[in-house]
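Report on the structure given below.
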Amino acid sequence: MKWFLILVAIGVGYAILTDNMGGAKSATSNYSKVLLNPSSK
């Protein structure tokens, strides 16, 4: 279990350093747009 957590931490650090967030940044911005403009469906 300890090694799994270490590997996950390394993977997250690598994703942040290489700017490869898997689309999470655009997903959160789209989500906030939907929340702020519910009538634009």
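All of the numbers you see were taken from the coordinates with simple rules; none came from a lab. Here the structure is a predicted model, which means the values were calculated and not measured.
See the values below:
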{"quantity": "For region 5-13, Karplus couplings with θ = phi - 60° (6.51, -1.76, 1.60), whole Hz, Gly/Pro x", "calculated": "5, 5, 5, 5, 4, 5, x, 5, x"}
{"quantity": "Karplus (6.51, -1.76, 1.60) ³J(HN,Hα), θ = phi - 60°, over region 31-37, in Hz, Gly and Pro reported as x", "calculated": "4, 5, 5, 5, 5, 7, 10"}
{"quantity": "Linear extension gain, Ala15 paired with Lys2, 0.36 nm per residue minus alpha-carbon span", "calculated": "2.7 nm"}
